[in-house]
Structure formats: structure tokens, C-alpha cells
Amino acid sequence: MIIHVDMDAFYASVEERERPEIAGHPVIVGGAPDKRGVVSAANYNARQFGVHSAMPTAQAVKLCPHAILLPGNMALYSHVSRQIRSVFERYTPLVEPLSLDEAFLDVDASRRLHGNAEEIGKKIKQDIKAELALVASVGVAPNKFLAKIASDIKKPDGFVVVDAEKIQAFLDPLPVNRLWGVGKSTLKHLNKLNVFNIKDIRQLPQSFLQRQLGKHGLHLWELAQGIDARPVVTNHQAKSISNERTFEKDIEDKKVLRAHLLQLVEQVSWRLRQGNLVCRVVRIKIRLSNFKTITRSVTLTDPTQSTQNIWKAAATLLDKFVSENIGPIRLVGFGASDLDHPAPQQGLFSDSIEPQRKIDCVADQINKRFGAAALRRGTFIKVSR
Ligand SMILES: [Mg+2]
């Protein structure tokens with residue numbers, strides 16, 4: 001069984017915990033509205049006004065003018081994220097973090113020591129609440145795809161178990177856009193075919209879906225049956241680490257696109273450091289409104305795990321796209337590959353160390369010793385250059 005843990009409104013919840021005076025107010029963590037920043041997180045109070053993550057901050061502030069807007073404190077969130085990670089590792093070494101606040105856990109080998117998956121899921125939720133004063137939503141299911149839906153469906157403070165014999169009953173009534181990869185235009189296409197919930201897909205012949213949607217159709221059919229064979233892969237074992245974001249509305253403003261890319265870079269480089277890995281290749285993926293997908297990659301002279309260096313390479317790649325005057329963008333992805341463990345001379349005390357890596361390391365160490373409040377890196381990278 002797989003457990004998917006996803007913290008509720010993570011950045012915003014950490015801020016509320018640190019500042020009791022703002023509890024109960026709508027809280028938005030994000031870039032500055034006048035600098036085309038985007039929302040990183042919004043608490044549930046702010047979400048009632050229609051605010052959600054990945055929305056331009058300017059729009060969020062219009063929807064909820066009395067919200068408390070905070071710039072975000074990545075050093076603090078990373079610190080808390082490590083504490084959450086250490087809770088997971090009490091129960092299994094097989095942890096695949098997806099971002100600072102979300103991970104898959106394979107708990108099959110933990111049964112004898114810690115009980116079944118449902119019991120472990122409950123304990124993790126309780127530990128996080130008791131020790132960190134934060135709320136996690138947890139999904140327990142036979143595979144990643146189902147566990148991820150399960151953790152989301154009763155958010156916030158959700159706990160959902162999908163037993164193997166109840167997969168169909170769980171999936172069938174859900175709307176098709178619960179399936180991975182069903183965005184707005186695929187949804188339109190499916191609706192035209194009279195497909196509205198997952199049951200409708202499950203009952204179609206696989207060959208029909210393939211004719212309609214190509215390879216993507218085959219994949220959707222499998223998911224609709226509850227089939228997902230992907231294993232949990234720890235960062236140490238990963239061949240590449242990537243993250244992507246599909247926009248609700250296509251993005252035209254390239255500065256907004258830049259802000260989104262920076263968030264992806266921060267997440268991917270954080271995962272590199274978590275896995276004690278450096279990357280040699282970075283890659284950007286852009287999907288245009290006509291579904292054309294373009295990827296660009298660059299090989300770095302020096303393998304790195306530093307947010308600053310990776311961002312430099314990513315921003316240069318993005319500039320190339322922008323200079324070609326590509327139109328509105330529906331998805332941006334960022335990946336790091338050709339992974340390796342850092343060479344010994346890249347250690348903390350070597351002279352040849354990249355300055356930013358030093359900042360990353362020192363931030364980590366200070367946080368470990370004195371707690372996160374000791375150092376606030378904040379938004380140390382300027383989005384617009
Ligand atoms: Mg979350």
C-alpha cells in the first residue's frame with residue numbers, strides 16, 4: 001500500500017503557527033502584486049474568496065483585499081519540511097517527496113513493526129499534529145494515483161483509505177478531471193463524447209479512447225480502472241527530478257511565467273539537496289495553447305544543487321523561449337537530470353565552493369541548530385532582472 005501525505009495550505013499554515021496574531025484571518029503567501037508575483041499558498045479562509053495557489057497575487061488581492069499578504073520564508077518552510085520528513089522516516093525509508101509539503105510513502109515492508117498502512121497513515125497524521133502543530137491530509141491506497149486522489153478528496157484534515165476491493169466504487173462517481181492529465185481542453189473533448197465521470201471512461205473500449213486521444217487516451221483508460229504501476233522512488237534513487245504546473249488560464253505575461261518557473265526551480269533544487277544530489281542537466285518544458293510542447297535543456301559546466309545556479313541556467317533557457325515570441329502558455333515544467341552525488345571537493349569547507357551553495361548549506365545548518373527563526377533567507381532571488 002502507498003500513503004500520500006499532503007500538508008494543508010502548508011506555507012500559510014506555518015505562518016499562522018508562527019504568528020498567532022494572524023490566525024483566523026485570510027492569509028496569502030506570495031510574490032508582490034506590483035512585481036507580477038504569484039500566490040504560493042493561501043489558507044482556507046482566503047480560499048473562500050476564490051484565492052488559490054498559482055494565481056497572480058494582484059488578482060488574489062483584488063478578490064480578498066483584507067488578506068494578510070506575506071512574502072514567504074523558504075528557509076523556514078524547508079526546516080519544517082525536514083521535520084515532517086523525519087516523521088515519515090520513522091515508519092519507512094521509502095519516501096518520495098514531491099515538494100516541501102507532499103510525499104508518497106511505500107509502507108509494505110513496515111507492517112510488522114508499525115502495523116498496516118491505515119494505522120501508519122493515522123500515526124503520521126497524529127505525529128505531525130502533536131509535534132508540529134500542523135495539519136496533514138492523508139490518503140492510503142494500493143497505488144500512487146489512488147493515494148493522491150484519496151488525500152485530496154476530503155481536504156482539509158482529510159483521512160481516506162481506498163481498499164483494493166473498493167477501487168471501482170471510489171473512482172466511478174468522480175469527475176473525469178480527477179484523472180491526471182485531464183485539463184480544460186481534454187475535458188471539453190471528453191464531454192463532447194458524453195464522458196463526464198470516471199465510470200464513463202472505464203466503460204469505453206480502450207481502442208476507442210486511443211483513437212480519440214492517442215496515447216493519452218490509453219493512459220486515461222488505465223487510470224480509470226485504477227491501474228498505476230509506478231513505484232515509490234526516493235530522491236536518492238531518482239534518475240531525474242522534475243515538477244510542472246498547468247495553468248487554469250493560459251499565461252501571456254512572461255514575468256508571471258518567470259515567477260512560476262522560479263517556484264519550480266526552488267522545489268526541484270530543494271529535492272536535489274534532500275537527496276544529496278547534484279545535477280548536470282537542466283530542462284524547461286513549455287506547452288503552448290495549441291498543445292505543442294517544446295523542451296530545451298542545457299548541460300552545466302559544473303554540476304550543482306544550488307537554487308541560485310540552477311535558477312541562472314533556467315532563466316537563460318526561459319529567455320530564449322521568450323525571445324522567440326511564443327504565444328500564450330498553458331504549462332511550464334522544470335527538470336534536473338544527469339544526477340550524481342557531489343564530488344568531495346564540493347564539500348562545505350572547500351575553497352572552490354559555489355557561494356550560493358554555501359548559503360544553502362549554512363542556512364540548513366543554522367536552522368538545525370537554532371531553529372528556523374534564526375535565519376530568514378526570504379525571497380533572495382529577484383524574479384525580474
Ligand atoms: Mg499541500
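Quick note: the coordinates plus some simple rules give every number you see, no bench work behind them. Model, not experiment: these values are computed from the prediction. Positions of Cβ are backbone-derived with ideal geometry, glycine not excepted, and every protein chain shown enters the neighbour counts.
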Using only the Cα atoms of the chain, each taken as one equal point scatterer with no solvent, compute I(q) by the Debye sum, divide by I(0), and report log10 of the ratio at q = 0.08, 0.09, 0.14 Å⁻¹.
-0.43, -0.55, -1.45
Can you tell me the length gained on complete extension of the stretch residue 285 to residue 240, counting 0.36 nm per residue apart and subtracting the Cα distance?
14.8 nm
Under the Kirkwood approximation applied to all pairs of distinct alpha-carbon atoms, what is the hydrodynamic radius of the range 26-134 in Å?
15.7 Å
List the aspartates and glutamates whose Cα lies under 16 Å from the Cα of residue 215, skipping any in the same chain that are fewer than 8 positions away.
228
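Below 11 angstrom from the Cβ of residue 40, what's the summed charge of the other residues (Lys, Arg +1; Asp, Glu -1)? Don't skip to the end; give the middle numbers.
Numbers: positive: none; negative: 15, 101, 266.
Computed value for this residue: -3.
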Would you mind calculating the gained length between residue 193 and residue 250 on full extension (0.36 nm times residue separation, minus the Cα-Cα distance), in nm to one decimal?
18.1 nm
Compute the longest continuous run of the chain that contains no exposed GluC sites (Glu not before Pro); treat a site as exposed when its DSSP state is not H, G, I, E or B and it has at most 14 other Cβ atoms within 10 Å.
1-251
Excluding the sites themselves, what is the longest stretch of the chain that contains no chymotrypsin sites (Phe, Trp or Tyr not before Pro) in a DSSP loop with at most 11 other C-beta atoms within 10 Å?
1-290
At R0 = 45 Å the Cβ-Cβ FRET efficiency linking residue 168 and residue 295, nearest 0.05, sits at 0.80
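Which helices of the chain meet both criteria: a Cα extent of 27 Å or more along the helical axis and a mean Kyte-Doolittle score no lower than -0.5, with helices taken as whole DSSP H segments?
Qualifying helices: 254-274.
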Tensor-based shape of the range 174-224 (alpha-carbon gyration tensor, a/c under 1.5 rounded, otherwise prolate or oblate)
rounded
Please compute the modelled spin-label separation between residue 59 and residue 116, points set 7 Å along Cα→Cβ, answer in nm with one decimal.
4.4 nm
Given R₀ = 45 Å, FRET efficiency for residue 322-residue 225 by Cβ-Cβ distance, to 0.05?
0.65
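In the structure shown, do any of 144/192; 255/320; 239/320; 129/154 have a Cα-Cα gap over 21 Å, and if so which? Numbers along the way, then the final one.
Numbers: 144/192 29 Å; 255/320 14 Å; 239/320 26 Å; 129/154 17 Å.
Violating the 21 Å limit, Cα to Cα: 144/192; 239/320.
Work out, step by step, the length gained on full extension between residue 210 and residue 123: first 0.36 nm times the residue separation, then minus their alpha carbon distance; give nm to one decimal. Write out the running numbers ahead of the final one.
Working: separation 87, 0.36 × 87 = 31.32 nm, distance 4.21 nm.
Gain on extension, residue 210 to residue 123, equals 27.1 nm.
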Placing each pseudo-label 7 Å from Cα in the direction of the beta carbon, residue 89 and residue 341 end up separated by a distance in nanometres of 1.5 nm
Restricting to aspartates and glutamates and to Cα separations under 12 Å from residue 35, and discarding same-chain partners fewer than 8 apart, the set is 253
